[in-house]
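Working notes for the structure below.
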Amino acid sequence: MGCGTKEPKITQLCLAAIQRLMSHEVVSEAAAGNIINMLWQLMENSLEELKLLQTVLVLLTTNTVVHDEVLSKAIVLCFRLHFTKDNITNNTAAATVRQVVTVVFERVVAEDERYKDVTEQPATVQGNSNRRSVSTLKPCAKDAYMLFQDLCQLVNADAPYWLVGMTEMTRTFGLELLESVLNDFPQVFLQHQKFSFLLKERVCPLVIKLFSPNIKFRQGSSSSSSPAPVEKPYFPICMRLLRVVSVLIKQFYSLLVTECEIFLSLLVKFLDADKPQWLRAVAVESIHRLCVQPQLLRSFCQFYDMKQHSTKVFRDIVNALGSFIQSLFLVPNTGNTSATTNQTGGNTPGGTASAQTNPGILGMGGGATVLPAFEYRGTWIPILNVTVQGSAKATYLEMLDKVEPPTIPEGYAMSVAFHCLLDLVRGITTMIEGELGQAETDGQTMAETTSSPAQSSDQQSVSDQTNKELVSGAVWEEMVNACWCGLLAALSLLLDASTDEAATENILKAELTMAALCGRLGLVTSRDAFITAICKGSLPPHYALTVLNSTTVALSNKTYSIQGQNVQMISPSSESHQQVVAVGQPLALQPQGTVMLTSKNIQCMRTLLNLAHCHGAVLGTSWQLALATLQHLVWILGLKPGVGGALKPGRAVEGPSTEPSLFAVAKLLETGLVNMHRIEILWRPLTGHLLEVCQHPNSRMREWGAEALTSLIKAGLTFNHDPPLSQNQRLQLLLLNPLKELSNINHPDIRIKQLECVLQILQSQGDSLGPGWPLVLGVMGAIRSDQGESLIRTAFQCLQLVVTDFLPTMPCTCLQIVVEVAGSFGLHNQELNISLTSIGLLWNISDYFFQRGEIIEKELNKEEAVLQKQAEEKGVMLNRPFHPAPPFDCLWLCLYAKLGELCVDPRPAVRKSAGQTLFSTIGAHGTLLQHSTWHTVIWKVLFHLLDRVRESSTTADKEKIESGGGNILIHHSRDTAEKQWAETWVLTLAGVARIFNTRRYLLQPLGDFFKAWDVLLDHIQSAALSKNNEVSLAALKSFQEILQIVSPVRDSEKPDTPPAINVSVPVVVGAMTATSLGRSFMRTDSIGERIGRYNASEPPIITDEIEDLNLWWAAWNSWYRIGSESTKPPITCDKLTFIPSQPFLTALIQIFPALYQHIKTGFSMDDLQKLGVILHGAVSVPISSDASPFILPSYTEAVLTSLQEAVLTALDVLQKAICVGSENMQIMYPAIFDQLLAFVEFSCKPPQYGQLETKHIANAKYNQIQLFAPAEWVALNYVPFAERSLEVVVDLYQKTACHKAVVNEKVLQNIIKTLRIPLSLKYSCPSESTWKLAVSSLLKVLSIGLPVARQHASSGKFDSMWPELANTFEDFLFTKSIPPDNLSIQEFQRNESIDVEVVQLISTEILPYANFIPKEFVGQIMTMLNKGSIHSQSSSFTEAEIDIRMREEFSKICFETLLQFSFSNKVATPQEGYISRMALSVLLKRSQDVLHRYIEDERLSGKCPLPRQQVTEIIFVLKAVSTLIDSLKKTQPENVDANTWAQVIALYPTLVECISCSSSEVCSALKEALVPFKDFMQPPASKVQNGES
């Protein structure tokens, strides 16, 4: 009532009171109706409008009594007030309307809440036939239904059904109300079918209808061409429509699937380039709202994209965004350009409006405050900070107050679109990954549940679960497949255009998350596409990288059509104006200039690294892309691998580089190092690849391959594996195997790395290598001679380390390999010192074997047993070198065999060292061998070696070697290969001989000792006969050595050999112990015990003498062959004839006495003959002239050479043996005499050596030998030798003269015959001493021999001797040789006294026994005495010496002897008298002749004096005559023959005739001769008397 007064004051009070009442909820339904009517009137009168609105609001909000028409009237009232002229009222009314509408719907919610337990009977809705059939609805719901239906009517400009009384209405307000209802109360529409029906039937058609102007409108198309003018899109409506659409899609998608498809298609259309900018902006904002709701997007995908005949809405949205972004770059901003430039200022952050007047320039010359922006091909679009990440805060969709389309700042649409993309990616990936994670955990729990049998009831749920997974998996895949192309196109373009680091980061993050998602879902193509994009971004533009380009080509062939519009993959442009952060070379075969990396490239690279680090598990095949790209980047940045494969900045590559990229190798290494715990899986492929790298032609590449491989091996060995390597031998071998494989690569740099690695392994793991040893040793052994010094040296260093430190730690089975490897280094010819040191190592190894023999033997035997068993199981023979020998012995044999190989190395120093080591080793440690093994040592090692050495020596080159290496001088004794081999031969032979000598007690029981002995002798023989003095001499020394051996003797038979040669076994043992280098034997069985053992277990080793003799006879045969071959004179004779040296011959002959001791029992005449030949030959050998001063004594010294001494010693030994020998041996005497006499002859006739022209030393008697005389060879001075031989003959003869053999073999005759030679030569003898010695010897021999001869006179054994003797006397006493001019008188007298001695011998030893001596002989003697008594002067005397030179003493003694025998009183036989008579008549006749000739000459010469000698002669004759007469007188008359007297008297007339001579000397002599004749003066007797008597 109060209000009805229409008085303002009252009205105000009343309204306030009513409000107060209402707020206390005391209003009934009817009262409410009244109140509303009253308010309606006030409204019509325009009174207290604001109070009215307030009252309505209070009324409706405080209670729910107002329904139906009352409510509708209240709402209409508010609407009417909204359209008044007063602005405040308008706004308040608008707010009230909104609140009232909200209240109405809130009531429905409350009502539903009350009745929610009562299920609503679904009423059948009969189409559109009855719009008002809402009777089924409850009151509040009915109000809400009617209200919403009328709002739709109003927006559609139709009359309302329920809001009766509406006068006007705006679409914008209606749309806003619709939107707020839909947005705020979706559950009402979703729960009540009627409401849902309204949505479908009224709202959606309405929206579609209202959109039509926007769809048809094409910006820039002229209106004239179209028949009807197109309605221009109206911003407020359009914007509100989009808001409604957003709500519809967001809230009622499930109800309005089909309608939403249309809406979404429209949204996509609005992004077209020909739509107005504002329309595009709000469309993008709407899309952005969708993009932040991944579940919604998922539904789109499920309901459209995955249905067969439906539009691919989700794909279209994404593609539309892509093409929208693309269009922003490609289409110049038409339409709003002016607006943009003028009005942007307020919207751009940083207020840099002025800078945007020329966007291009700003991008290019980016100033100090560069805006974040995209720039592409001159189009520059700033990035605005439009929204917070993950929320779609729209700008233009919220501009409800704007009527005119707003100006969109440049870059706004782009920024929103950009955020759409980012949010889309973020949403999808977060959602799918979350679900994936959930599914995985569910799957695990399911799996756990199913695995326990108790819960079999859950089997059903499991299959549901899997079905659900399958469904969701398909959705995920479809979502990704639908969106990836568009996303990638857009993101790639943006990435290329981005100039802002943050934006770039976001784009990259999006690409990264997408790539990871695709990877997780197993979508290879899309995954690779995203990764390729990141990779391309990392590299400089247009970078030629095949892997990436091929991928892109495949992608860019697909064009994605979006409603007839092509979206192409835009290839990145090169115009990005980014800060350059690195410049480098591209990694390509051809040099291509430099390339630059910008900060954006580096950002992309970082993303790529993140991808690899965080999502490596899902990359699969696209690792190829990632790694290839990183490789190129690393190259451009000049990163070089460091230790462990980590990349470090290296020097930048200047200009084209030939270096390879080491990226791959470095990463392989790193991969290996970090995966050590599961290295077995990747070891083979990893090392296999690295081994290939190690063979790369490029050295840097190889080096890194090797570096990587060796680092991995070292790391693998040091890594703490589980189980440890010591228990996992297979793994250890696996790890070491590549090290061995490296040996197949010939590049030295690789091998150096390999060996350095071995060295390091040895130093760090040497103790724990165990079964890896053969591999490691194999590596050292694989080095070949041609592989360079440094390699060999490094390998050798490793070996030295092994030998010095690790022999005890390695399995004994590897020791053989160590021996072989050490031996192989000895054979390397690169570095002599290494070869020599390796021989030293072999010696150390042998020492080690010796010290730890027992342990090694035990281990090897154990191993052997295992192998033997395996071999038996397989049914094969055990194959091992030197098999039957026990394994420990085999080890030794391998060592010996290796040293044996080194003994025939081409280098002399190595041979020498190896030889010494071999023999020392066998000497020192040979006792450890089993007895049977010695057989192998002898035949397979020693003899084999001798054969090879002999062969090499005989074929060695005789060319002179020039001084080695320039500054090393080679001694002349080693300056040819032949001479160097000679040394080796010497060493080897001596060594073998020594072993035979010292180990005889071991070798002899072996069974084929005799055969071995023969072979050894054969070697000695061939060496002795080699044409090399050194070798031949050494061979004899070895011969001597083996002859020192004595066979073991039983105690009972003490040796009767001379002690010099007695080396019995115990001594040998001692000698051996001494050779073992002063180390006490570690082994329990010392040699003594071994010998003891042999004695105990086997029969005592007394070889039977027969075998022993055989050995010695074999030795004799060898000796004989050596002797006869070496002393045989050469057939031809030229410069090159080889003549054995004196020391050789000496040694040869010196061997005989020792040898003879063993064979004397069977030494026969034949053997003696053979010996003789050799002795004779040896003595005959001349000496080379350059050696003679050293061997020959000067001519004046009567010294024997050692050879001659030896020869005489040999004969001496023989004759002594014969002397004590049996009867049958003594027949050898004559042979010995023959031999000696032959030597005696040398004094006058030096022996001839074949055809060789020698220069006799005698010829050089007075002038020293010219050393370089044309004759190359000098015969020895044989005089001392011959003379010594002669002395021996005399001695021997004195001992043996009466010996039967000596008598029978006419030894005396031979002696005389031999002596006749020097005696007849007398002064012509080469040496004066010779004939003097000969005389004295003759005298000695005769003094012994003549009595024997007389004894055997009757036997006729000496008959032939006498004439020989006579001739000898004759030749000596009346020699034809002339004494030398310089002979002094004393000398002459001394010689005369010798003659006198001979005559005395005749007078004492021969003539007294004339009756036992042949007549002729005596006659000869007489004649000789006769001759001596008269004519004995030499024809060359000087006057003064004449008295002495007449040999008066000699003549006298002859004469006296003659006379003595002429008138000896004891004429025993008529024969004897006859001799003396004959002698006298000869004498007298001679005197007669001399006197006659003198007288004749005297007469002829007249006054001239006669020659001195003639005078001398006549004087002598005269003296002789007087002497004769004296003698005759003294003789008894009956002894003198009448005939003799007659001859004497007949001299008288001749004497008288001499008186006339002029010489006083003759006269005085004549006087003496005439005086005795007085005794003949007697008166003549009368004939009568005579007759009478």
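The values are calculated or read from the model by the stated rules, or taken from the named source; none is laboratory data. Model, not experiment: these values are computed from the prediction. Here the Cβ is made from the backbone with ideal geometry for all residues, glycine too, and neighbour counts use every protein chain on show. Calculation scope for accessible area: heavy atoms of the full protein, side chains included, ligands and nucleic acids excluded. Shrake-Rupley method; radii C 1.70, N 1.55, O 1.52, S 1.80 Å.
So here's what we get for this one:
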| quantity | calculated |
| --- | --- |
| Meets criteria (in a helix (DSSP H, G or I) and either closer than 28 Å to Val866 by Cβ or in contact with a Leu (Cβ under 7 Å, 6 or more places away or on another chain) (or both)) for Thr794 | yes |
| Failed item, numbered, when Thr1375 is tested on (1) outside any helix (DSSP H, G or I); (2) under 26 Å from Val1302 (Cβ atoms) | (2) |
| Of all residues in the range 770-806 being touching a Cys at 6+ places or on another chain (Cβ under 9 Å) and open to solvent by less than 30 Å² (accessible area, probe 1.4 Å), the one that is farthest from Ile745 (Cα to Cα) | Trp773 |
| All positions within the range 1442-1481 that are crowded, with 20+ Cβ neighbours inside 10 Å, in a helix (DSSP H, G or I), at pLDDT 70 or above and not aromatic (Phe, Trp, Tyr) | Ser1451, Ile1453, Cys1454, Thr1457, Leu1458, Leu1459, Leu1480 |
| Hits in the range 608-629 (condition: of a type outside the set (Gly, Ala, Ser) and either over 18 Å from Tyr543 (Cβ atoms) or surrounded by fewer than 22 Cβ atoms within 10 Å (Cβ to Cβ) (or both)) | Leu609, Asn610, Leu611, His613, Cys614, His615, Val618, Leu619, Thr621, Trp623, Gln624, Leu627 |
| In the range 1352-1366, residue nearest to Phe1412 (Cα to Cα) [restricted to those that are part of a helix (DSSP H, G or I) and free of Cβ contacts under 8 Å to residues at least 40 places away in the same chain] | Ser1354 |
| Subset tally (residues that are over 16 Å from Asp496 (Cα atoms) and free of Cβ contacts under 8 Å to residues at least 60 places away in the same chain) for the range 523-538 | 3 |
| Residue that is most open to solvent (accessible area, probe 1.4 Å) [pool: residues in the range 1302-1342 that are assigned to a helix (DSSP H, G or I) and of a type in the set (Gly, Ala, Ser)] | Ser1324 |
| Residues (in contact (Cβ under 8 Å) with a residue 12 or more places away in the chain and more than 20 Å from Val643 (Cβ to Cβ)) located in the range 693-720 | Gln695, His696, Asn698 |
| Some residue of the range 747-755 being of a type outside the set (Lys, Arg), farther than 21 Å from Pro641 by Cβ and surrounded by 18 or more Cβ atoms within 10 Å (Cβ to Cβ) | yes |
| Those residues of the range 813-829 which are farther than 17 Å from Glu901 by Cα and open to solvent by 10 Å² or more (accessible area, probe 1.4 Å), in sequence order | Thr813 |
| Hits in the range 1571-1589 - residues which are farther than 22 Å from Glu1456 by Cβ, open to solvent by less than 80 Å² (accessible area, probe 1.4 Å) and modelled with pLDDT of 80 or more | none |
| Among the residues listed as Leu712, Leu717, Leu690, Leu682, the single one being open to solvent by less than 60 Å² (accessible area, probe 1.4 Å), under 19 Å from Ser661 (Cα atoms) and hydrophobic (A, V, I, L, M, F, W, C) | Leu690 |
| Selected residue [at pLDDT below 80 and either more than 22 Å from Arg202 (Cβ to Cβ) or over 60 Å from the mean Cα position of the chain (by Cα) (or both)] from Lys142, Lys85, Lys138 | Lys85 |
| Which numbered condition Asn1391 fails, given (1) outside any loop (DSSP other than H, G, I, E, B); (2) closer than 28 Å to Leu1484 by Cβ | (2) |
| In the range 1523-1561, the residues that are open to solvent by 80 Å² or more (accessible area, probe 1.4 Å) and closer than 16 Å to Leu1459 by Cβ | Lys1529, Lys1530, Gln1532, Pro1533 |
| Any hit, the range 869-883, residues being under 30 Å from Ser953 (Cα atoms) and either part of a loop (DSSP other than H, G, I, E, B) or not charged (D, E, K, R) (or both) | yes |
| Residue match in the range 167-177 (condition: crowded, with 16+ Cβ neighbours inside 10 Å and touching a His at 6+ places or on another chain (Cβ under 8 Å)) | yes |
| Filter result for the condition that a residue is at pLDDT 75 or above, among the small types (Gly, Ala, Ser), open to solvent by 30 Å² or more (accessible area, probe 1.4 Å) and in contact with a helix residue (DSSP H, G or I) (Cβ under 9 Å, 6 or more places away or on another chain), over Ala93, Ala74, Ala110 | Ala110 |
| Residue in the range 701-712 that is modelled with pLDDT of 85 or more, closer than 22 Å to Leu841 by Cα and not aliphatic (A, V, I, L, M) present | no |
| Failed criterion for Pro1247 (all others in (1) at pLDDT 85 or above; (2) crowded, with 17+ Cβ neighbours inside 10 Å hold) | (1) |
| Filtered residues of the range 1135-1145 (kept if at pLDDT 80 or above and farther than 11 Å from Gly1123 by Cα) | Ile1139, Ser1141, Gln1142, Pro1143 |
